[in-house]
Amino acid sequence: MNKYNDRGIIKWMPFNALSGFKEMTSNIVMTDANIFPDFFDDFLYTFNYEVRKSFFNNEKIRIKFLKNGKIYSCESKVINIIEDKNLLILEGNNTIFFQDVIEIQS
């Protein structure tokens, strides 16, 4: 019998009866791999606008980002933008890569 670590796996049990779905659902639940979303032009426009607005106006922004396989959020000012390395430098010398940003708001 399989030992489940949490109740989150139970929602996948109905799919185990279908051919091939048991392996697929166990891969989804048990792996630590993150699937990065595809960003659309409107997100990229908003990202560029909010980052530059924070930088030039010295305003705080809220950012959700991935780091070490987990989602974090912070509210901080953008101190520097290093475009050739795709890097944001925030207050307190925190750094976030552009591709790790999930959501951004002023």
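The values are calculated or read from the model by the stated rules, or taken from the named source; none is laboratory data. A quick note: this is a predicted structure, and the numbers were derived from the prediction, not measured. Note that we place each Cβ from the backbone using ideal geometry, even for glycine, and neighbour counts take in every protein chain shown. Note: areas computed on protein heavy atoms with side chains; ligands, DNA, RNA excluded. Shrake-Rupley method; radii C 1.70, N 1.55, O 1.52, S 1.80 Å.
A compact table of results
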read-out	value
Test result for PHE40, loosely packed, with under 14 Cβ neighbours inside 10 Å and at pLDDT below 85	yes
Every pair of residues 6+ apart whose Cβ atoms lie under 8 Å, when the first sits in region 47-60 and is within 13 Å of ILE79 (Cβ to Cβ) and free of Cβ contacts under 8 Å to residues at least 60 places away in the same chain while the second is open to solvent by 80 Å² or more (accessible area, probe 1.4 Å) and assigned to a strand (DSSP E or B)	SER54/LYS60; PHE55/ILE79; LYS60/GLU75
Some residue of region 25-35 being at negative phi, open to solvent by less than 70 Å² (accessible area, probe 1.4 Å) and at pLDDT 75 or above	no
Pair list, Cβ < 6 Å and 6+ apart or interchain, from region 91-106 residues that are closer than 10 Å to PHE47 by Cα and among the charged types (D, E, K, R) to residues that are assigned to a strand (DSSP E or B) and at pLDDT 90 or above	GLU103/LYS64
Hits in region 79-97 (condition: open to solvent by less than 100 Å² (accessible area, probe 1.4 Å), at pLDDT below 90 and assigned to a helix (DSSP H, G or I))	GLY92
Residue count, region 47-78 (criterion: outside any helix (DSSP H, G or I) and surrounded by fewer than 16 Cβ atoms within 10 Å (Cβ to Cβ))	15
